[in-house]
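Trainee: My structure is below; once you've seen it, I'll send some questions.
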Amino acid sequence: MEIYVTKHGQTEWNVLQKMQGQTDIELNEVGREQAKATGELIKNENIDLIITSPLKRAKETAEIINKNFNVQIIEDKRLMERGYGEQEGKTREERNMLKESDYETDVFWNYNKNIDACDVERIKEFCDRIYAALDEIIEKYKDKKVLVVTHGGTSVIIKCYFMKYPLENLVGGYDIKSLKNCEVAKFIV
């Protein structure tokens, strides 16, 4: 089985360096062009199925890429970005001014601390839902080539899954780099 993973195309919040999380932001024109280019890049890979986060930016990326394949697109909310609560829509500077700002953004990525503050989805719950989605994809579509369209934070956890990177080693959010907008990673199961 081959699984291709890509992060959605660029949004205005990417440009403004605002935390997106589960806020439903659309692609901008650059993001649409990135998705088109990614579709062209992988058009010879014979993708059988696309599974996407239901958030607009991922869904639209999937739809644009699918113009090269014309296959079924399945939405899976477990592939959504991590919920960042009151940090969403804010820049790093704005997030540092929040009431509970003694928790730097990086601390929220410490698997062992599993911080519960600022209404941010706990890292362990985030990892659990993504791992459950991947387990099901592998079991259900084991003879297929699948494209997963998702988000930056989600791509970190997907990489951990396939690289067998111990989640306990996630201590600062920068251990494993997230995919860039419309960057593609390939994993063979």
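The values are calculated or read from the model by the stated rules, or taken from the named source; none is laboratory data. Quantities reported herein were computed from a predicted structural model and do not represent experimental measurements. Cβ: placed from backbone, ideal geometry, glycine included. Neighbour counts: every protein chain shown.
Trainee: From the residues in region 44-61 that are within 20 Å of the chain's Cα centre (by Cα) and in a helix (DSSP H, G or I), which one is surrounded by the most Cβ atoms within 10 Å (Cβ to Cβ)?
Mentor: Of everything passing the filter in region 44-61, T61 is surrounded by the most Cβ atoms within 10 Å (Cβ to Cβ).
Trainee: Only one residue in G9, G31, G39 is modelled with pLDDT of 95 or more, crowded, with 17+ Cβ neighbours inside 10 Å and in a loop (DSSP other than H, G, I, E, B), so which one is that?
Mentor: Every option except G9 fails the conditions.
Trainee: Also: In this structure, does I64 turn out to be in contact with a Lys or Arg (Cβ under 9 Å, 6 or more places away or on another chain), in a loop (DSSP other than H, G, I, E, B) and either within 26 Å of E168 (Cβ to Cβ) or not polar (S, T, N, Q) (or both)?
Mentor: On the way: in contact with a Lys or Arg (Cβ under 9 Å, 6 or more places away or on another chain): yes; in a loop (DSSP other than H, G, I, E, B): no; either within 26 Å of E168 (Cβ to Cβ) or not polar (S, T, N, Q) (or both): yes.
Taking the combined requirement at face value, the residue does not satisfy it.
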